[in-house]
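Single-structure report; data block below.
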Amino acid sequence: MPFSDNTLENLLFAIEDKIATITFNRPKALNALNKATLLEAMTCLRECRNNDEVRVVILTGSGAKAFVAGADIAFMRELSPLAAREFACLGQELMNTIEGLNKPVIAAVNGFALGGGCELALACDLRLASENARFGQPEVNLGVIPGFAGTQRLPRLIGKGRACELIFTGDMIDAQEAYRIGLVNKVVTQEQLLPTCREMAARIVARGPVAVRLSKEAINNGLEMDLARACVLEADTFALCFASPEQKEGMTAFLEKRPARFQGK
């Protein structure tokens, strides 16, 4: 069935200047993630993957309070162990889809990013936060652990010790502390957040799309290898770039002292 944003009940979806923006839009629930929202997000990401007009994806939340405040506790409270596992696997599938998307994904964290919301941000390639953003994995306060791969991605990003502290205590940290420990790339005002994300996305759009895609693949795959094998992967991927018209255009433009005009997909 062709994609239509008219079918979305929990998200907003827009494409402008080759940048897709997916907005989690459940403001009364602080954009919390229930099953329907996860499935809609998967639908939007499939559209982003298959649409050649999309070069970069931005994820954000509606309103000024929350990016995504977590998984929907009202939805989860009565789940059986089997249903809970299925819900965790669905959430992990969404996070894996974001991480493995063939285009860069930027999280515009505009408020609370707790539990599943923090895990959503962790799955993105870049994270920009507004000054009022708050991050945390508070699941232990509910008698559970992170279920959308927070126990795996958080230590890979900020180190085991800091990740253990956040997960074991359930404490929240503010945007500046998140920046200090490497959880976010940049902190800006609430008003500057989306414009800054779009400016960064536009800079990526202007680069060679094949090179950007291959860079993401090399980074993600290389992190799962030892350094020697990862360097071989990089050399092979570097060589693959020479099969793309982008390489000729980029290097020719450099030598001719003009901007490159990339046409790749």
Among ASN34, VAL109, LEU8, pick out the residue whose Cα is farthest towards the positive end of the charge dipole of the chain, where Lys and Arg carry +1 and Asp and Glu carry -1 on C-beta, about the Cα centre.
VAL109
In order through the range 130-141: 3J(HN,Hα) via Karplus (6.51 cos²θ - 1.76 cosθ + 1.60), integer Hz, x for Gly, Pro
7, 4, 8, 5, 9, 10, x, 10, x, 4, 4, 5
The range 209-255: Rg to Rh, with Rh as the Kirkwood radius over Cα pairs:
1.06
Tell me, what ³J(HN,Hα) does each residue in the range 97-112 have, in order and in whole Hz, if you take phi through Karplus 6.51 cos²θ - 1.76 cosθ + 1.60 with θ = phi - 60° and put x for Gly and Pro?
5, 4, 4, x, 4, 7, 9, x, 10, 10, 8, 9, 8, 9, x, 5
Within 10 Å of each candidate Cβ there may be at most 16 other Cβ atoms; applying that plus a DSSP loop requirement, which trypsin sites (Lys or Arg not before Pro) in the range 59-104 survive?
LYS65, ARG77
Cβ-derived FRET efficiency at R0 25 Å, THR151 paired with ASN102, nearest 0.05:
0.40
If you place +1 on the Cβ of every Lys and Arg and -1 on the Cβ of every Asp and Glu, how big does the dipole about the Cα centre of the range 209-255 come out, in debye to the nearest 20?
100 debye
Could you give the size of the charge dipole of the range 96-190 about its Cα centre, using +1 on the Cβ of each K and R and -1 on the Cβ of each D and E, expressed in debye and rounded to the nearest 20?
260 debye
Förster-model FRET efficiency, 22 Å R0, ASP52 and MET251, C-beta, rounded to 0.05
0.40
Within the range 5-205: Cβ-based charge dipole about Cα centre, in debye rounded to nearest 20 (Lys, Arg +1; Asp, Glu -1):
360 debye
Starting from the range 177-247, pick out the GluC sites (Glu not before Pro) whose DSSP state is loop and whose Cβ has at most 13 other Cβ atoms within 10 Å.
GLU224
Which GluC sites (Glu not before Pro) does the range 43-129 hold that lie in a coil by DSSP with at most 10 other beta carbons within 10 Å?
GLU78
Cβ-Cβ FRET estimate between ARG258 and LEU233, R0 fixed at 51 Å, reported to 0.05:
0.95
Residue-wise, which Karplus ³J(HN,Hα) couplings in Hz belong to the range 7-24, taking 6.51 cos²θ - 1.76 cosθ + 1.60, θ = phi - 60°, and x for glycine or proline?
8, 7, 10, 10, 9, 10, 9, 8, 10, 8, 6, 6, 10, 8, 10, 10, 10, 6
Could you give the semi-axes, largest first, of the ellipsoid that matches the range 89-219, computed as the square roots of 5 times the alpha carbon gyration tensor eigenvalues and rounded to whole Å?
25, 18, 12
So what's the angle, to the nearest 10 degrees on a 0 to 90 scale, between helix 209-222 and the longest Cα principal axis of the chain?
50 degrees
How are the Cα pair distances of the chain distributed, in percent, across 5 Å bins from 0?
1, 6, 12, 16, 18, 17, 13, 9, 5, 2, 1, 0, 0
Pick from ALA202, ALA243, ALA113: which residue has the top mean-square fluctuation in a GNM of the chain where Cα pairs under 10 Å get a spring?
ALA243
Mean shadow area of the range 23-89 over all directions, Cα convex hull, nm²:
5.2 nm²
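Read-outs throughout are calculated quantities, based only on the coordinates presented, and are distinct from any laboratory measurement. Since the model is a prediction, treat every value here as computed from it, not as a measurement. Backbone-built Cβ (ideal geometry, glycine too); neighbour counts: all protein chains shown.
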